[in-house]
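These notes are about the structure you will find just below.
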Amino acid sequence: MIISTAKLPPLPSKPVKVLFVCLGNICRSPAAEAIMKYAVEERGESADWVIDSAGTIGYHTGERSDRRMITHARRRGYDLTHRARKVTEADFDDFDLIIGMDGNNVADLRQLAPTPEHELKVMAMADFFSTPKRVDYVPDPYYEGAEGFELVLDLLDDAINNLIDTVKAAQ
């Protein structure tokens with residue numbers, strides 16, 4: 001078990017509510033949502049978590065995830081059933097952790113946060129990478145080939161398990 005050195009905001013004992021955020025909510029954040037749901041189910045901890053995802057833009061609202069991400073995730077046993085939605089100000093009250101996939105997502109979330117206390121909930125997914133990676137964020141695979149989608153899934157597999165362990169250690 002590797003514990004991240006990320007500074008977590010104060011968390012409830014259970015359930016911990018996590019919102020993953022990317023740009024359009026069709027590739028990275030729904031993949032993170034599906035991977036985390038799978039991971040906590042495998043650990044027998046589904047009741048301890050509320051997991052969702054959203055995008056910083058509403059362009060894809062109501063759409064399913066990108067078919068390429070669905071295909072690559074399915075090969076690993078992850079089911080992406082989420083419908084895209086835009087992050088709202090209310091999400092800052094509803095979630096304990098709001099995790100952006102890249103620096104732009106994190107900056108957008110911090111701007112959207114209604115108060116400084118809400119801003120403390122915003123973190124980067126890279127805060128939970130367990131080892132140094134060739135990237136320091138989760139890149140958007142939308143304009144990439146298969147390698148881009150596989151890289152995202154590799155990064156998220158690693159970070160999600162570390163996120164779960166970090167939160168459990170903090171509780």
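The values are calculated or read from the model by the stated rules, or taken from the named source; none is laboratory data. On a predicted model such as this, the values are computed, not experimentally measured, just so you know. Here the Cβ is made from the backbone with ideal geometry for all residues, glycine too, and neighbour counts use every protein chain on show. For accessibility, only protein heavy atoms count, side chains too; no ligands or nucleic acids. Shrake-Rupley method; radii C 1.70, N 1.55, O 1.52, S 1.80 Å.
For region 61-82, the set of residues classified as outside any loop (DSSP other than H, G, I, E, B) and surrounded by fewer than 14 Cβ atoms within 10 Å (Cβ to Cβ) consists of ARG67, THR71, ARG74, ARG75, listed by residue number. Any residue that is at pLDDT 95 or above, touching an Asp or Glu at 6+ places or on another chain (Cβ under 9 Å), open to solvent by 60 Å² or more (accessible area, probe 1.4 Å) and outside any loop (DSSP other than H, G, I, E, B) - is there at least one of those in region 26-41? Scanning region 26-41 turns up at least one residue that is at pLDDT 95 or above, touching an Asp or Glu at 6+ places or on another chain (Cβ under 9 Å), open to solvent by 60 Å² or more (accessible area, probe 1.4 Å) and outside any loop (DSSP other than H, G, I, E, B). What number goes with the only condition from (1) in contact with a Leu (Cβ under 7 Å, 6 or more places away or on another chain); (2) without any contact (Cβ under 8 Å) to a residue 24 or more places away in the chain that ARG76 does not pass? Result: ARG76 fails condition (2) only. Residues of region 51-60 that are open to solvent by 60 Å² or more (accessible area, probe 1.4 Å) and at pLDDT 95 or above: ILE57 alone.
Within region 81-140, the residues that satisfy the criterion of being β-branched (Val, Ile, Thr) and closer than 24 Å to SER65 by Cα are THR81, VAL87, THR88, ILE98, ILE99, VAL106, VAL122, VAL135, VAL138. Taking the numbered list (1) surrounded by 14 or more Cβ atoms within 10 Å (Cβ to Cβ); (2) under 21 Å from ASN161 (Cβ atoms) in turn, ALA47 passes all entries but (1).
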